[in-house]
Amino acid sequence: VKLMLLYRSTGDLFSFSLLIATTIVANLCRDAVCLSQKYGIGKHIFEVSNKESAMSVFPHRKPPYLAVLTEPDATEETSAPILELMMRDHLVDIISIRVNQPNAIHLKETNHPANSSSPDGRHEYDNSKIVRQQIEALALRIGTFRKENNIPCCIVINDVANIDIALKCGDLIQGLHVKEKDMIHIATVRQKLMHGKYEANMSSESASAVKKIIPVLVGTSVHSIESAVNAAECGADYMFVGTCFLTESHPEKTNADDLEGPLLPGLVRKNLNDLGYSHIPCIAIGGINAENCNLPIEHGADGVACIRSLLKDPKPPTIAAFMNNKIQKAYTSRTEKS
């Protein structure tokens with residue numbers, strides 16, 4: 001109405017057309033920002049000039065974060081009940097399904113065709129297929145539990161090689177964790193996952209008439225400041241930074257001199273802040289347990305990631321609650337000092 005009154009009073013068609021075009025562009029930019037803020041897509045969909053304002057990938061809570069990675073031979077039967085207990089009590093922020101070994105019980109129970117013969121003449125099972133079955137079954141189980149109970153926890157599947165499983169799981173999981181050597185593929189992985197989730201949402205009979213944009217989570221692991229900066233430039237949503245302490249996951253690191261140490265996550269955090277990537281959580285990993293979980297946080301980490309110290313404990317929810325309390329105290333003390 002205001003535009004029409006302006007045109008009638010001035011009769012200047014050129015100025016009127018220019019004003020209309022400017023108004024349309026301004027409205028489009030406003031809508032883009034609104035979508036970005038609403039769905040947490042940030043700079044991955046719309047360019048954000050101020051990286052400090054990008055949305056957190058963990059919108060349900062602020063740091064410190066507690067992440068758990070599954071054991072190498074995890075299965076639905078052995079790992080899902082433990083993970084569901086921690087999810088139920090909101091004790092974990094991110095679960096990374098990292099399986100690369102067939103479970104011994106599955107090898108005994110599966111009548112799988114042999115794919116090769118060992119030197120002594122005994123057949124070997126097609127382990128890769130069994131591992132992929134373990135990943136998919138576990139992801140579907142805990143993903144369904146998360147969705148049905150509306151639990152604010154992010155679930156990712158490990159390794160670019162398993163992106164087809166991630167796509168098959170749809171909105172039951174939130175994304176993929178890529179290996180350090182594959183971080184250059186983060187943008188491609190994100191594009192494929194977003195397209196897959198969008199297609200699934202569009203074809204769903206139960207989906208609402210207005211289809212929403214579904215953000216995805218793509219993280220990676222880093223072992224140096226240089227690698228962390230590269231990961232940030234590649235578009236990583238979060239980083240596991242290590243190795244902090246001695247761990248079975250890295251048997252080649254036999255003493256403290258072989259480790260990156262508990263100071264590295266904090267150093268990475270500082271460098272990313274200086275470069276404008278303060279929105280990317282830096283989560284310490286490697287030998288984290290109830291005794292030392294506070295140390296990386298005290299030195300600047302945004303959270304910690306655990307494997308055996310949680311999953312092998314007789315009472316995982318109890319130890320997870322203890323660790324959450326401990327890292328929260330360390331984080332609060334650190335931030336108050338700063």
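Nothing in this text is a laboratory measurement; each read-out follows from the coordinates by a stated rule. Values in this document were obtained by computation on a predicted structure and should not be read as measured data. All Cβ positions, even for glycine, are placed from backbone atoms using ideal geometry, and neighbour counts span all protein chains on display.
In sequence order, segment 264-277 has phi-based couplings of 4, x, x, 5, 4, 4, 5, 5, 5, 4, 5, 8, x, 10 Hz under the Karplus curve 6.51 cos²θ - 1.76 cosθ + 1.60, θ = phi - 60°, and Gly or Pro positions carry x.
Please give me the summed charge of the neighbours of A74: other residues whose Cβ is under 14 Å from its Cβ, Lys and Arg +1, Asp and Glu -1. So the surrounding residues net to -2.
Give, in nm to one decimal, the length gained when the segment between T335 and L275 is fully stretched (0.36 nm per residue of separation minus the Cα-Cα distance).
19.6 nm is the gain from fully extending T335 to L275.
Give, as a single signed number, the net charge of other residues whose beta carbon lies under 13 Å from the beta carbon of V178, with Lys and Arg counted +1 and Asp and Glu -1. Result for the neighbourhood of V178: +1. 3J(HN,Hα) couplings calculated from phi for segment 138-150 with the Karplus curve 6.51 cos²θ - 1.76 cosθ + 1.60 (θ = phi - 60°) are, in sequence order, 5, 4, 5, 5, 6, x, 5, 4, 4, 5, 5, 9, 6 Hz; Gly and Pro show x.
Here's how it looks for L263: its modeled amide H is under 5 Å from none belonging to a residue 5 or more places away or on a different chain. Only loop residues by DSSP count here, and only those with at most 12 other Cβ atoms within 10 Å; note down the trypsin sites (Lys or Arg not before Pro) in segment 263-328 that meet that. Taking segment 263-328 and a limit of 12 other Cβ atoms within 10 Å, the loop trypsin sites (Lys or Arg not before Pro) found are K312. Dipole of segment 226-338 computed with +1 at Lys/Arg Cβ and -1 at Asp/Glu Cβ about the Cα centre; of N230, A305, A320, farthest Cα towards the positive end is A320. Evaluated with a Cβ-only charge set (Lys, Arg +1; Asp, Glu -1), segment 273-338 carries a dipole of roughly 260 debye about its Cα centre, given to the nearest 20.
Computed from the alpha carbon atoms alone, the convex hull of segment 261-329 holds 77 Å³ per residue. Once the chain from E148 to F322 is taken as fully extended at 0.36 nm per residue, the excess over their C-alpha distance is 60.0 nm. First select every other residue whose beta carbon is under 14 angstrom from the beta carbon of N230; then total the charges, Lys and Arg +1, Asp and Glu -1. Overall, the nearby charge balance is -2.
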